[in-house]
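Every read-out reported here was derived from the displayed coordinates using simple, explicitly stated rules and does not represent laboratory data. Everything numeric in this text was worked out from a predicted model, so none of it was measured. With ideal geometry, Cβ positions are generated from the backbone for all residues, glycine too; neighbour counts draw on all protein chains shown.
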Amino acid sequence: MTLRLPPVCKNFPVLLHGGDYNPDQWLGTPDILKEDLRLMKLSHTNTLSLGIFAWASLEPEEGRFEFGWLDKVIDDLYRNGQRVILATPSGAKPNWMAAKYPEIRRVKANGERELQLGRHNHCFSSPVYRDKVMIMNTKLAERYGKHPALIMWHISNEYNGECHCNYCLAAFREFLKNKYKTLEALNKSWWAHFWSHTFTDWNQIEAIDTTVHGLAIDWMRFVTHQTTDFMKHEAVALRKLTPHIPITINMMGTFPGLNYPAMAPHVDVISWDSYPGWGDHEDEVESAVNTAFVHDLNRSMKDKPFILMESTPSVTNWHPVSRLKQPNMHRTASLQAVAHGADSVLYFQWRKSRGSSEKFHGAVVDHAGHEHTRVFKDVSTLGADLEKLSDKIPGTITPAEVGIIYDWENRWAIESSYGPRNRDKNYQETVTQHYEAFWHRNIPCDVFDSTHDFSKYKMIVAPMLYMLRPGVAERLKDFVQRGGTLISTYLTGTADSTDLVYLGGLPGGGLMDVFGVWAEEVDPLSDKTGQHIIIGSGNDMGLSGTYNCRHYAEVVHLKGALPLAKFGSDFYAGSPALTVNQYGKGKAYYIASRNEQAFTQAFIDALIKQHNLRPAIKATLPKGVSAAYRTDGVQDIVFVMNFMPVEQSFSLDSEQYTDALTGKSVAGALTVPSRGTVVLLRPHQ
Ligand code: GAL
């Protein structure tokens with residue numbers, strides 16, 4: 001059975017290689033633009049993202065449009081064998097527009113209008129900006145919609161931020177009216193009688209009061225809603241005039257300001273910009289885990305391949321310190337994205353700008369201007385390899401038996417809440433630490449928010465699921481009842497979707513039955529007072545030992561669950577620290593404290609064994625070597641990535657592997673160079 005999905009760009013079904021190209025910065029030096037074409041061929045670049053910040057060049061003054069230069073660039077690229085991802089330029093508004101129409105500039109929370117600076121700072125509600133965007137996007141779609149070079153629309157750039165102007169506040173009130181219908185319902189949901197915050201008129205909703213958590217969270221939801229509304233407005237002309245061209249927006253990983261899974265249904269392709277701190281540590285494992293997590297999150301948003309829209313071929317100039325990539329690291333960082341579901345390796349940026357704030361950002365072509373640089377060679381070697389893999393990878397899938405919940409709204413709720421502790425809440429870190437335990441065993445995981453379908457997974461891991469969004473408790477219940485395994489932790493099931501704490505004992509929302517525990521109190525451990533858990537031997541998971549915990553420990557009572565570990569000290573010594581409950585055909589584990597990673601690894605290892613979870617490769621890999629795979633249902637493509645600064649070898653599990661790049665069969669010992677990657681093929685397992 002073929003498991004291959006259609007490629008992200010149906011009219012260009014290859015692995016995309018290339019990136020952001022800003023010819024508008026070089027229009028005065030045609031020789032450089034000509035040289036770019038030669039260098040693009042040399043580097044095996046096949047795709048360029050154009051026009052992202054080109055509004056001032058496309059419309060130098062109101063109503064005067066200049067498309068001639070872009071026509072030439074696109075024609076030249078196409079003749080040279082490249083394809084184009086064309087952006088709408090709304091990410092940076094031109095000076096003339098900001099001066100003539102101040103309403104397009106954002107208003108801060110204190111009511112002050114921003115100056116025309118930087119970028120990514122336009123109001124999402126301004127009728128003038130929406131009109132201007134509509135005119136521009138219509139012209140772009142009319143002019144380039146049928147150009148054979150066009151393979152995708154890149155709407156705006158990295159949407160982010162918020163505006164508090166009167167248009168935005170009016171839209172916020174409308175959003176709330178639609179949601180709550182009456183002020184009475186709103187006051188109740190926000191617990192607004194607290195500190196006399198009762199609203200008696202919709203127009204009183206002005207300041208985003210962070211002490212009223214329901215309001216603060218609804219504001220975050222509104223920011224996503226209004227950004228999505230603006231994005232849909234940007235897409236109107238594109239959808240109408242070019243229905244055959246897919247649309248994407250470049251997301252920013254786990255950027256807190258936008259609930260990306262809520263935006264995902266409105267785009268055709270998920271893409272994201274990845275800038276890990278490679279080289280921050282002696283080995284690259286920490287960056288590798290964090291980056292793999294976000295790749296998996298992006299893939300899981302639509303359960304299909306995504307686009308790595310930006311990554312740096314060299315350094316990232318906005319990191320506090322960004323080291324040069326060590327030999328092989330560029331290749332491994334790029335192939336890691338592909339291994340986890342990217343159908344592209346795209347960079348920011350093709351050519352380094354001469355001035356302004358990105359002049360020291362890594363680029364394929366450095367200020368030296370020629371191909372004789374280390375970075376250019378790395379890029380072209382990788383480009384040649386991507387070409388060889390191009391018929392095998394686009395559209396292949398990643399089969400995962402484990403789903404890990406990372407939920408933006410839950411994050412907002414945890415982060416905005418005062419207590420139960422205020423330092424080291426570490427929601428994302430905690431989810432990633434659970435993910436890491438699977439990563440070390442090469443178990444493929446999907447990463448998604450709590451609205452995702454749980455039914456196809458053997459296991460759902462939902463750390464710190466403090467906020468239960470509508471229907472989530474019921475779906476988790478159903479998942480366990482039907483035989484799934486649920487793993488969760490302290491804080492889970494504390495509050496509903498407007499951050500009202502459940503009455504009648506926690507975990508609430510009906511989850512007390514599922515976990516078979518009542519969590520009576522949370523002890524936010526201080527740095528000075530430790531706590532530890534003790535696992536007695538004799539449990540069917542084969543766990544034992546003593547592990548330290550910090551930050552959170554809950555005083556838990558059994559309500560049907562069996563204890564697997566107990567706390568070692570304090571007045572609640574001996575009370576359950578880890579429990580398991582049989583519920584329907586499945587099991588629910590409750591981890592009552594934040595434990596050291598050695599515990600998480602041992603616990604996940606036991607679960608992997610019990611559930612017979614399938615790793616990407618059956619061999620035992622050395623520390624810091626990770627494997628991920630994709631398949632079309634007939635052939636598996638296995639990426640073996642060494643994130644350590646030394647060459648490492650191990651024995652392969654079967655003799656059926658071939659090297660995907662050389663076509664030679666590979667058996668017995670496999671050696672992976674320091675920070676290197678080997679790509680293998682095997683019959684689908
Ligand atoms: C991204 C942005 C690019 C460029 C890049 C530099 O966030 O989309 O335009 O600024 O960062 O790393």
Requested in this report: Apply the Debye scattering formula to segment 447-593, with a single equal point scatterer on each alpha-carbon and no solvent, then give log10 I(q)/I(0) at q = 0.09, 0.17 Å⁻¹.
Outcome: -0.26, -0.93
**Report entry** Lysine pairs with alpha-carbon atoms under 26 Å apart, segment 291-381, spacing 8 or more or separate chains
**Finding:** 5
Query raised in the report: Just the projected area, averaged over all directions, of the convex hull on the alpha carbon atoms of segment 485-561: how many nm²?
Result: 6.4 nm²
Query raised in the report: Once Rh is set to the Kirkwood radius over Cα pairs, what Stokes-Einstein translational diffusion coefficient, in µm²/s, holds for segment 214-286 at a temperature of 4 °C and a viscosity of 1.567 mPa s?
Result: 89 µm²/s
Query raised in the report: Please report, for the Cα atoms of segment 443-508, the Rg to one decimal and the Dmax as a whole number; what are they, in angstrom?
Result: 11.9, 38
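Considering just Cα atoms, how many Å³ per residue does the convex hull of segment 506-603 enclose? Mind showing how you got there, number by number?
Working: hull volume 9.3 nm³, N = 98.
Expressed per residue, the convex hull around the Cα atoms of segment 506-603 is 95 Å³.
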Requested in this report: Over the residues of segment 364-488, compute the C-alpha Rg and express it relative to 2.2 N^0.38 Å.
Outcome: 1.50
Report task. Kindly give the semi-axes, whole Å and largest first, of the ellipsoid equivalent to segment 78-174, taking each as the square root of 5 times a Cα gyration tensor eigenvalue. Result -> 31, 13, 12
Query raised in the report: Lys/Arg Cβ at +1, Asp/Glu Cβ at -1, dipole of the chain taken about the Cα centre: which of Y406, P320, F53 is farthest positive-ward?
Result: F53
Query - Mean-position separation - Cα centroids, segment 108-130 and segment 386-430, in angstrom - result: 30 Å
Query - Inverse of mean 1/r across different Cα pairs in segment 522-579, Kirkwood, Å - result: 11.7 Å
Query - Percentage relative contact order, segment 376-448, counting C-alpha pairs under 8 Å, at least six apart - result: 47 percent
Report summary line: Given pairs K108/K179; K477/K566; K425/K585; K559/K585 and cut-off 23 Å on Cα-Cα distance, the over-length ones are K108/K179; K477/K566; K425/K585
Query raised in the report: Which trypsin sites (Lys or Arg not before Pro) in segment 48-140 pass both tests, a DSSP loop state and at most 15 other beta-carbon atoms within 10 Å?
Result: K108, R119
Report summary line: Kirkwood Rh over alpha-carbon pairs of segment 1-152 plugged into Stokes-Einstein at 37 °C, 0.692 mPa s gives a D in µm²/s of 191 µm²/s
Report summary line: With N residues in segment 581-625, Rg(alpha-carbon) / (2.2 N^0.38 Å) equals 1.45
Query raised in the report: How far, in nm, would the chain grow between A185 and E655 when pulled straight, counting 0.36 nm per residue and subtracting the alpha carbon separation?
Result: 162.7 nm
Report task. Return the whole-Å distance between the Cα centroid of segment 177-194 and the Cα centroid of segment 538-558. Result -> 40 Å
Report summary line: Semi-axes (Å, rounded, descending) of the ellipsoid equivalent to segment 220-346 per its C-alpha gyration tensor are 29, 16, 13
Report summary line: Around G279 (Cβ within 11 Å, Cβ-to-Cβ, excluding G279; K/R +1, D/E -1) the net charge comes to -1
Report task. Once every Cα of segment 401-460 carries one equal point scatterer and solvent is ignored, give the base-10 log of I(q)/I(0) from the Debye formula at q = 0.25, 0.29 Å⁻¹, two decimals. Result -> -1.03, -1.19
Query raised in the report: Considering every pair of different Cα atoms, what Kirkwood radius, in Å, is found for segment 80-126?
Result: 12.2 Å
Query raised in the report: All other residues with a Cβ under 10 Å from the Cβ of V212 taken together, and with Lys, Arg as +1 and Asp, Glu as -1, what is their net charge?
Result: -3
Requested in this report: Find out how many positive minus negative residues lie around W96, taking Lys and Arg as positive, Asp and Glu as negative, among other residues whose Cβ is under 14 Å from that of W96.
Outcome: +1
Query raised in the report: How many percent of all Cα-Cα pairs in segment 293-366 sit more than 18 Å apart?
Result: 45 percent
Query raised in the report: Looking at segment 586-631, which trypsin sites (Lys or Arg not before Pro) are in a loop (DSSP not H, G, I, E or B) and have at most 14 other Cβ atoms within 10 Å?
Result: K618, K623
**Report entry** Alpha-carbon Rg with Dmax, taken over segment 389-436, Å
**Finding:** 16.8, 52
**Report entry** Solution diffusion estimate, µm²/s, Stokes-Einstein, segment 147-247, Kirkwood Rh from C-alpha pairs, 4 °C, viscosity 1.567 mPa s
**Finding:** 82 µm²/s
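Counting other C-beta atoms within 10 Å, which of L503, L468, L324, L607 has the fewest, and how do the rest follow?
Lowest count first: L503, L324, L607, L468.
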Report summary line: One checks the Cα atoms of the chain and finds Rg and Dmax, in Å, of 26.2, 79
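Could you calculate the FRET efficiency of A573 with K108 from 1/(1 + (r/R0)^6), where r is the beta carbon distance between them and R0 is 41 Å, rounded to 0.05?
Efficiency, rounded to the nearest 0.05: 0.20.
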Query raised in the report: When the dipole is taken about the Cα centre of the chain, and only Lys, Arg (+1) and Asp, Glu (-1) are charged at their Cβ, what size is it in debye, to the nearest 20?
Result: 1000 debye
Query - segment 1-65: radius of gyration over Cα atoms, expressed as a fraction of 2.2 N^0.38 Å - result: 1.53
Query - All lysines inside 21 Å of K664 as judged from Cα atoms, apart from same-chain residues fewer than 8 positions distant - result: K388, K392, K618
**Report entry** Rh (Kirkwood; distinct C-alpha pairs) - segment 553-614, Å
**Finding:** 12.7 Å
**Report entry** Cα-based convex hull, segment 341-381, per residue volume (Å³, whole number)
**Finding:** 77 Å³
